[in-house]
Amino acid sequence: MHDLVIRGAEVHDGLGNPPCIADVAIDQGRITAISPQAGPARENVNASGLTLMPGIVDLHTHFDAQVTWDRTLSPSPALGVTTAVLGNCGFGIAPCPAPLRETMIKNLSVVEGMDLQALRTGIQWEFESFTEYLQQLRRIGPYLNTAVFAGHSVLRTAVMGEAGSTQVEPTDDQLATMCQLLRESMADGAIGLASSFSPNHSGYGGRPMPSTIATEREIKALTAVLGEVNKGVFMMATGPRGTPDMMESIAQANGRPAYISTVLTMYNEANPSLGMTYYERCAQALDRGHEVYVLTSCQPLSFDFTLSDPYVLLSHSAFEVVKQTPAEALAAIYADPAFRQAFRENLRQPRSGILFLGNWNNIEVGATTLPEHQALEGLSMVALGQRWGKDPLDAFFDLALAENLKTHFVGKFFQNVDEGVAPLLKHRAGVVTLSDAGAHLSYMCDAGFGLHFLAHWVRETGHFSMAEGIRKLTSEPAQRFRIPERGRLVVGAPADLLLFDPATVGISKPLPRQDLPGGGTRMIRESRGVHGVWVNGVLVHDGQEYVALDHGPGQVLDHFDT
């Protein structure tokens, strides 16, 4: 008798093959049969009319801190994800000597838009080394399978302390220590090394995140460790400094895959052809035998923000003074004509690789606090300026000032035109992921990228067949990151499964939830059309609620294909 049989679903294997109507039997956490009629089971699920696929593999999350207080890793399991990679961009919390915990989380709170009080209140510090962190994850029992990057900024902070954000060149001893810590992390089960050169990545008090000031020499010394141990992948938020040529040189030198993450690869109307040039350069590298890929977002890059915490604008030089100013004094800065003029000058020649390039049609009024302003919700700053007879920049600041900086704005900066995005999603050098789940909680929640892909790119636009769309979300990302067994629904594979209604699958709009440690608020999304999510054969979400489990079924992944 089987442990579980999911009966009569349209079964997709995640490999792109045609589906079949079948029963799927599960025993001891693995798929043991896919047949027209499986035998009896202790538990049966009637899935007639529904689709069964492998669970979504999310390569780009920031759950490093949250997992220590929330084993569910909400909201990702509710959104069909069964495997998540943590520590992207080189921002995490391990290794972390105890005296540097405050430095580490202060930087993390800014660069990844996390509530500092939630981090201080919520993180359970039962570790200092990377090994001890993985051991803690195993004790916690996450609901998802988790893999963890060793992080460049984390290593710099652990070795150099606060000087990691100011000292460009480490000493020879410091660099050797960083390489040794990375070597140990790889031996203990890190999936690879992650780093960032992105100009959008500022830390606490406006300081640069440590890796963003590092030299190419330092990056190459660290990535050489991956070649030395002959395993692991390299992921980088490249910004304009980490060019495809640089990434190819790293892949060539070490024989390890390299992954680019930057807004420069995203479609934007101001420079519509730029993103594709990155994909084409990566494809040329692939043709030369060097694995260089682009991590690709399938959703519009949207941020909910206020001017009391204007994360999306901080990379503009005019906002340097904002970074240094207490919240209660910001209004005077925003009212200052000299500040506004400096910002206008920034927008005339915006720096490469930043979020807001100056198109005020891409910033809208989200939520207002005064009744007389409710009719403005949904207007772009261009439309608001026309209504008020003002320049859009002035309308933007004046509305916020009128509401004591509590107005919520929505920035829709990149990936917001289907005709421009579809070719990127279909490109052989792209890998669909980039949810940022666990980060930027005040502004956005893109954790439901997979359900959005199934709803929008498969059902609504038909750019992908169901079989191909599922492959893009499951086996392809797992294979690219060398994650064995995951992302496929075949006999013998772990039973990581998503059951859904293809006619209704999708996600809600971002919803506020005041459920962070210390009472902080975050944005989440809820699923539509999901009927069950299983991780290693255990139901973790029934489509409505999380299943209460004292120890989650997710495995801490520490062995990867070479």
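Just a few scattered comments:
- Wholly within the range 438-481, helices (runs of 4 or more DSSP H) carrying at least 1 residues that are more than 25 Å from Asp64 (Cβ to Cβ) and of a type outside the set (Lys, Arg): 466-473, 475-480
- Selection within the range 274-305 - in a strand (DSSP E or B) and either out of contact with any strand residue (DSSP E or B) (no Cβ under 6 Å at 6 or more places or on another chain) or closer than 27 Å to Leu451 by Cβ (or both): Tyr293, Val294, Leu295, Thr296, Leu301, Ser302, Phe303, Asp304, Phe305
- Positions within the range 204-244 being closer than 20 Å to Leu181 by Cβ and either modelled with pLDDT under 95 or of a type in the set (Phe, Trp, Tyr) (or both), in sequence order: Phe234
- Whichever residue in the range 59-99 is β-branched (Val, Ile, Thr) and farther than 25 Å from Gly14 by Cα and, among such residues, is surrounded by the most Cβ atoms within 10 Å (Cβ to Cβ): Val67
- Gln124 meets the conditions (1) on the phi > 0 side of the Ramachandran plot; (2) in a loop (DSSP other than H, G, I, E, B) in every case but one. The failed one is (1).
- Some residue of the range 25-35 being touching a Ser or Thr at 6+ places or on another chain (Cβ under 9 Å), under 21 Å from Gln555 (Cβ atoms) and in a loop (DSSP other than H, G, I, E, B): no
- Look at (1) at pLDDT below 95; (2) of a type outside the set (S, T, N, Q); (3) in a strand (DSSP E or B); (4) touching a Pro at 6+ places or on another chain (Cβ under 8 Å) and you find that Leu264 fails only one, number (3).
- For Met266: the one exception among (1) assigned by TED's automatic domain parsing to the domain that holds Leu405; (2) buried (at least 16 other Cβ atoms within 10 Å of the Cβ): (1)
- Among the residues of the range 110-145, those identified as touching a residue at least 40 places away in the same chain (Cβ under 8 Å) and of a type in the set (S, T, N, Q) are Gln117, Thr121, Gln124, Ser129, Thr131, Gln136, Asn145.
- Top-ranked residue of the range 276-298 - restricted to ones that are of a type outside the set (Lys, Arg) and surrounded by fewer than 19 Cβ atoms within 10 Å (Cβ to Cβ), ranked as nearest to the chain's Cα centre (by Cα): Met276
- Any hit, the range 145-156, residues being at pLDDT 95 or above and of a type in the set (Ser, Thr, Tyr): yes
- The single condition among (1) over 22 Å from His62 (Cβ atoms); (2) surrounded by 23 or more Cβ atoms within 10 Å (Cβ to Cβ); (3) aliphatic (A, V, I, L, M) that Val491 does not satisfy is (2).
- Scanning the range 227-245 for residues that are within 20 Å of Leu155 (Cβ to Cβ) and either outside the structural domain of Pro423 (by TED's automatic domain parsing) or under 23 Å from the mean Cα position of the chain (by Cα) (or both) yields Lys231, Gly232, Val233, Phe234, Met235, Met236, Ala237, Thr238, Gly239, Arg241, Gly242.
- The one condition in (1) part of a loop (DSSP other than H, G, I, E, B); (2) crowded, with 20+ Cβ neighbours inside 10 Å; (3) among the hydrophobic types (A, V, I, L, M, F, W, C) that Phe413 fails to fulfil: (1)
- Residue pairs whose Cβ atoms lie under 9 Å apart, separated by 6 or more positions or on different chains, with the first residue in the range 319-341 and in contact (Cβ under 8 Å) with a residue 40 or more places away in the chain and the second surrounded by fewer than 14 Cβ atoms within 10 Å (Cβ to Cβ) and of a type in the set (Gly, Ala, Ser), are Lys323/Gly205; Gln324/Gly205.
The values are calculated or read from the model by the stated rules, or taken from the named source; none is laboratory data. Treat the numbers as computed from the prediction; the structure is a model and nothing was measured. For neighbour counting, all protein chains shown are included, and Cβ atoms are generated from backbone atoms with ideal geometry for every residue, glycine included.
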